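Structure, as structure tokens:
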Amino acid sequence: MEGETFLWLIRHAPVRGTAGTIHDADAAADLGDHASLVALRQRLPPDGASYASPSRRTVETARALGLEPELMSEFREQDFGDWTGHRHDELAATGGDAYAQFWRDPASGRPPNGESFADQVARVRQGLSRIGDGSATLVVHSGTIRAALSIALDLAPQAALRFVVDPLSLTRIDRLAAGWRVVTVNQRAA
């Protein structure tokens with residue numbers, strides 16, 4: 001269909017490392033869930049374009065799915081600035097009022113030297129505008145998928161943060177001539 005874009009959004013595989021950590025872009029993916037990777041690969045469009053965040057975990061996941069994606073910085077995870085590399089429990093204990101204040105309004109709050117989720121939504125909107133007609137697979141982060149859902153459903157960023165987006169899950173949205181359509185959210189392949 002002319003003027004329409006069909007998007008398969010895949011959240012990357014789990015991150016190798018300590019749970020509860022705000023991982024940096026160089027964190028590796030744990031690609032041990034072969035059944036989910038095979039099941040996801042079978043659900044992807046065979047002739048579509050592919051894109052990924054430039055983070056290591058998204059690129060590794062995309063390649064495990066048999067994709068060679070174009071890397072788009074607009075699809076990076078939210079930048080948590082000075083908190084990157086730290087555990088949430090550590091920040092809760094030592095982060096003072098800045099960490100507590102952030103969680104009172106996580107959609108518009110900014111970590112020190114970071115960006116808000118609302119900033120991420122604006123960035124993802126720019127990235128989505130660069131994707132042409134047809135089918136495309138995006139291997140990205142949970143925040144990126146929530147941002148895309150915020151755009152597709154015309155939701156306030158705060159409301160979009162309520163979506164659960166598991167590792168190796170599929171979210172399908174379409175940009176149609178008359179507006180957006182949400183096909184599925186957080187669907188597990190295996």
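Note the angle between two axes, namely the Cα long axis of helix 34-43 and the longest principal axis of the Cα atoms of the chain, as a number of degrees from 0 to 90, rounded to the nearest 10. Its long axis makes an angle of about 50 degrees. Across the range 75-89, coupling constants 3J(HN,Hα) worked out from phi with the 6.51/-1.76/1.60 Karplus curve, θ = phi - 60°, read 9, 4, 5, 3, 7, 8, x, 5, 7, 4, x, 9, 8, 4, 5 Hz, and Gly and Pro carry x.
Heavy-atom accessible surface of the range 60-190, averaged per residue, reaches 46 Å², computed with a 1.4 Å probe. Summing Lys, Arg as +1 and Asp, Glu as -1, what charge do residues with Cβ under 10 Å from the Cβ of residue 152 carry, residue 152 excluded? Neighbour charge sum, excluding residue 152 itself: 0.
For the peptides 145-153, 127-135, the ranking by packing is 145-153, 127-135, with the highest mean count of neighbouring Cβ atoms within 10 Å listed first. Near residue 30, the amide H atoms lying under 5 Å from its own belong to 15, 16; only residues 5 or more places off or on other chains count, and H is placed 1.01 Å from N. Measuring nothing but protein heavy atoms, the accessible surface of the range 1-142 at 1.4 Å probe radius is 48 percent carbon and sulfur.
Placing +1 on the Cβ of every Lys and Arg and -1 on the Cβ of every Asp and Glu, with nothing else charged, gives the chain a dipole about its Cα centre of roughly 400 debye. Relative to the dominant Cα principal axis of the chain, helix 142-152 is inclined by about 60°.
Across the range 164-171, coupling constants 3J(HN,Hα) worked out from phi with the 6.51/-1.76/1.60 Karplus curve, θ = phi - 60°, read 8, 9, 7, x, 6, 9, 10, 10 Hz, and Gly and Pro carry x.
Quick check: from the Cα gyration tensor, does the chain come out rounded (a/c under 1.5), prolate or oblate? Verdict is oblate for the chain. Legend: calculated FRET efficiency, residue 68 to residue 88, from the Cβ-Cβ distance at R0 = 45 Å, rounded to 0.05, equals 0.85. For residue 47, the solvent-accessible surface with a 1.4 Å probe is about 130 Å², rounded to the nearest 10. Applying 0.36 nm per residue to the separation of residue 158 and residue 47 and subtracting their alpha-carbon distance, the gain on full extension is 36.5 nm. For the range 1-38, the residues whose amide N sits under 15 Å from a probe point set 7 Å from the Cα of residue 103 along the beta carbon direction are 20-22.
The values are calculated or read from the model by the stated rules, or taken from the named source; none is laboratory data. Note that the structure is a prediction, hence the values are computed from the model and not measured. We place every Cβ from the backbone using ideal geometry, glycine too, and count neighbours over all the protein chains shown. With ligands, DNA and RNA removed, areas are computed over all heavy atoms of the protein, side chains included. Shrake-Rupley method; radii C 1.70, N 1.55, O 1.52, S 1.80 Å.
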